[in-house]
C-alpha cells in the first residue's frame, strides 16, 4: 500500500535525474562552496529568491557553464551577473555548473 | 503519524510556491497551449530534454518574460530561440511566462 502510494507519487511527478556529476565529486563540492556568493539571489539550493533571478537547481551542466561564460564575456548581458562572472575562472565555472546540476528537481504537473 | 511523515518530507524539501498566476487563469491556459511548440526542447512540463535547453518550470514570471523579449529583440542570442521568439506577441510572451511560472518545482537537498 505504501509502495503503491509511493509509485503513484513518483508517477505523478516528472522526476528529473541529476546530471552526471555525483554529489560527492570534488567539482560538486568545490561548486557548493563557491556558490555561497550566488545564494543571495539564487538561494542556498539554487532556487532564485528575486523575481529576475532564475532557478539554477537541476539545470543542465552544459547550459549553466555556457551561460556563466556568456556573462563573463559580456555576450549575455546582466548588470550584476556580468560583474559576478568576471572573477570566475574556467575551473570555477565548471565547479558551479557541476554543483547546480547535481541538485535534483521535480516538477508537479498542474491538476 | 502520516502527518508527521508528510511534515518531515515537506521540511526536507525546499518547496517553491508557484508564482502569482493560478493554474486556472486564462493566461496560464493560453500559455499551456502555446507552449506545445516549446516542448520538443523544454519538455511538456518545462523540464529541458536537451543539454543546452534550460528548465523553465517554476521560473519567475518576470524572468521568463524578460528572457523571451531579449530573445525576440536579439539582445540575448541563441540561434533557435531568436527564431522561435520572433513570432511571439507580447500577449504570447505573457501567457508563456504565466504557464511556466505556474508549475511548482521542488529541489531535493543533497545528502
How far is residue A:111 from itself in the other copies, in nm, if each label sits 7 Å out from Cα along the Cα-Cβ line, shortest first?
3.2
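I need to check one value: relative contact order of region A:21-103, counting alpha carbon pairs closer than 8 Å and at least 6 residues apart, in percent.
It comes to 42 percent, rounded to a whole number.
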Find every distance from the label point of residue A:39 to the corresponding label point in the other copies (7 Å from Cα along Cα→Cβ) and write them in nm, one decimal, shortest first.
3.9
Just check region A:21-103 against the gyration tensor rule for me: Cα atoms, a ≥ b ≥ c as the square roots of the eigenvalues, rounded for a/c under 1.5, and otherwise prolate or oblate depending on whether a/b exceeds b/c.
oblate
Along Cα→Cβ at 7 Å, what distances in nm separate the residue A:89 label point from those on the other copies, shortest first?
5.2
Part-to-part distance (alpha-carbon centres) for region A:49-111 and region B:33-97, which is given in Å:
16 Å
Give me the one-decimal Kirkwood hydrodynamic radius in Å for region B:66-111, with the sum taken over alpha-carbon pairs.
11.9 Å
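Using a 10 Å cut-off on Cβ to Cβ distances, tally the other chain neighbours for every residue of A:63-72 and report the average as a whole number.
Going residue by residue through A:63-72 and averaging, the value is 2.
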Peptide-level mean, for B:95-108, of C-beta atoms on other protein chains within 10 Å
4
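Any read-out appearing in this document is the output of simple, stated calculations on the displayed coordinates, not a laboratory observation. Bear in mind the structure is a predicted one, so any value in this text is a computation, not a measurement. A quick note on method: Cβ atoms are made from the backbone with ideal geometry, for glycine too, and the neighbour counts reach across all protein chains shown.
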